[in-house]
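One structure is given below, encoded as structure tokens.
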């Protein structure tokens, strides 16, 4: 997976944006800082921070792929057993060796991904003695697997602040991205929870902004995942009176809202 470029007011926000776009936590993100940005003088001529990022698992897959190639080349006893062949024949074998890695590639099969995700979830819900309806769709153009859950006990699957839902999403991502060359983004939702949570966080951001303006004191929010922190940052990015930044390490990283100087 190639590096993608992300920019924001500072490096922390750029990392948060990268995590939200790639749908991973910061500890699974491989990134390098292109520019730390600058605030300028009184906010004039400010420059955004820029990073290049990609998912760490892709690096591991590339290393594994390279090891496989090397092992394939070493395993071929061409020089020892084919000494009497004509000079043109080793060239033909070399061509076969070069094509072998291509045969190992696993093209994205939407139906297989859906089946893999549904089989995994059926096993999980079966172990939990829960009846859950699954509506799984694959968007081949964007490489996104959407999983919609429905049933009578969805509150249990959502969990506190959506943590159980996020855990299911992470596990499904591990399952469907096994043996695939292209990274598949996974989105798991139930009863439109993601959209409702976004509206709640945006409303919270406005209330915190008002509180900071009135008290003139900074407010640190509860720890949130990168996606939810990004919602807070976005909701207040054009606020005239307050600014936001993130502090702490995952999974306890939180947004801090401060009054602009």
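Structure data summary
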{"quantity": "Residues of region 221-255 that turn out to be part of a strand (DSSP E or B) and closer than 22 Å to residue 160 by Cβ, as a count", "calculated": "4"}
{"quantity": "Residue in region 131-145 that is modelled with pLDDT under 55 and surrounded by 13 or more Cβ atoms within 10 Å (Cβ to Cβ) present", "calculated": "no"}
{"quantity": "Members of region 208-242 that are surrounded by 19 or more Cβ atoms within 10 Å (Cβ to Cβ) and either farther than 23 Å from residue 19 by Cα or touching a strand residue (DSSP E or B) at 6+ places or on another chain (Cβ under 8 Å) (or both)", "calculated": "208, 209, 212, 224, 229, 232, 233, 236, 242"}
{"quantity": "Residue within region 213-220 that is farther than 26 Å from residue 55 by Cβ, in a strand (DSSP E or B) and touching a helix residue (DSSP H, G or I) at 6+ places or on another chain (Cβ under 7 Å) present", "calculated": "yes"}
{"quantity": "Residues located in region 146-162, provided they are within 17 Å of residue 227 (Cβ to Cβ) and surrounded by 12 or more Cβ atoms within 10 Å (Cβ to Cβ)", "calculated": "146, 147, 158, 159, 161, 162"}
{"quantity": "Odd one out for residue 251 among (1) surrounded by 16 or more Cβ atoms within 10 Å (Cβ to Cβ); (2) under 30 Å from residue 114 (Cβ atoms); (3) in contact (Cβ under 8 Å) with a residue 60 or more places away in the chain", "calculated": "(1)"}
{"quantity": "Considering residues of region 174-196 that are touching a helix residue (DSSP H, G or I) at 6+ places or on another chain (Cβ under 6 Å) and over 20 Å from residue 54 (Cβ atoms) only, the residue surrounded by the most Cβ atoms within 10 Å (Cβ to Cβ)", "calculated": "188"}
{"quantity": "Hits in region 206-221 - residues which are closer than 29 Å to residue 28 by Cβ and without any contact (Cβ under 8 Å) to a residue 40 or more places away in the chain", "calculated": "219, 220, 221"}
{"quantity": "Qualifying residue in region 209-222 (condition: within 13 Å of residue 256 (Cα to Cα) and within 21 Å of the chain's Cα centre (by Cα))", "calculated": "no"}
{"quantity": "Where residue 116 falls short, out of the listed (1) surrounded by 12 or more Cβ atoms within 10 Å (Cβ to Cβ); (2) touching a helix residue (DSSP H, G or I) at 6+ places or on another chain (Cβ under 9 Å); (3) farther than 30 Å from residue 252 by Cβ; (4) without any contact (Cβ under 8 Å) to a residue 60 or more places away in the chain", "calculated": "(4)"}
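The values are calculated or read from the model by the stated rules, or taken from the named source; none is laboratory data. For clarity, every value in this text was computed on a predicted model and none was experimentally measured. Note: ideal-geometry Cβ built from the backbone for every residue, glycine included; neighbour counts use all protein chains shown.
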